[in-house]
Amino acid sequence: MNQQMKLVKRFLLIATSAIASSLLANSPSQAATIALSDSFVILNEFSQNPISTGTDTKTNTNTVASGDDGSAIAIAQAQASFLSNPLLPADTSSDTDMNINQLPMEPPADIDLGLEEEIAPLLSSLASPAAYNTSSSMVTGFGKNNSGRANSEATVVGDFFVNAGTSFSFDFITNLNLYASVDDPITENAAASGDILLALVNPETEEVLDFFLATGKVDSKNQDVLDYLGSSNISLEPLNQETDFGSNQESADLIVQGSLKRDFEQDTNVRLVEFKRNQAEVAVPEPLTISGSLLSGCFLLIAKRQRKANS
């Protein structure tokens, strides 16, 4: 598992860094703001085969530039796959969106982050059933009058049947990587955020049985956070939790591996949902409107459903 995680993480960092470096190298005379948010999750070692699977991806980008000294580029990509049978194609979704406004140079010829090419060999190296998804959002702004936003989402869903007197279990590993850079924090704004939600639910009652949550945000206005938590049936091992807050170049990186094991006394249908969202935004000099963390909303949802289940 660690080998696959290192492979994907290295690839994403190299790809996104190469794009940003290419843009900056071709515009050395202009100040630039950068925001980057990417994440991935691998799920494998399932105790049961899924009855059905599903995947979904969404991306959206927007840029605004005014005058002769403003330009921006926004890129969002997402990929999700669930391999339930090695003899059948994986259930896969992918989406890409890019928006360029008055870019002062030609963008790289191949601006694809390469997620689709990376997914096939990764899944083939895992024993089925296995699931994997990744999403990445990046925005770069140049000059004095620009703004840009990139949003990406990826979801995998699996339905399972658990016999009475047995357990449902699987392993997972997650990574959330955030970066925001400005030259002048007074007039420039950059923010990157990401959320990962892993939930085991009863599809008939909608009760949340177990969950894992991770959230992070880096903001040039110092609204920074990086945290995670899980329910009692999930064992967690943080492999890395690094932050660099309070400077013009802020970053956060979280890698957590874990396992879920839950016993069932009766025959039970369960649904596993893994959802991630990545957002990146820059603005000069307009204020940012990047939405708040998914984590607080998930807390409220889980608390509400658990109270309902206990009443």
*Under 10 Å, Cβ to Cβ, from N151 - net charge with Lys/Arg +1 and Asp/Glu -1*: 0
_R277 accessible area, 1.4 Å probe, all protein chains in place, Å² to nearest 10_ = 40 Å²
*For segment 166-184 and segment 197-211, what is the separation of their C-alpha centers, rounded to whole Å?*
20 Å
*Can you tell me the accessible area per residue over segment 189-286, all protein chains present, probe 1.4 angstrom, in square angstrom?*
41 Å²
*Protection proxy ranking of 71-82, 191-202 - average other beta-carbon atoms within 10 Å, highest first*: 71-82, 191-202
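The values are calculated or read from the model by the stated rules, or taken from the named source; none is laboratory data. The shown structure was predicted, so the numbers you read here are calculated from the model rather than taken from an experiment. Positions of Cβ are backbone-derived with ideal geometry, glycine not excepted, and every protein chain shown enters the neighbour counts. Note: accessible area is taken over every heavy atom of the protein model, side chains too, but ligands, DNA and RNA are not part of it. Shrake-Rupley method; radii C 1.70, N 1.55, O 1.52, S 1.80 Å.
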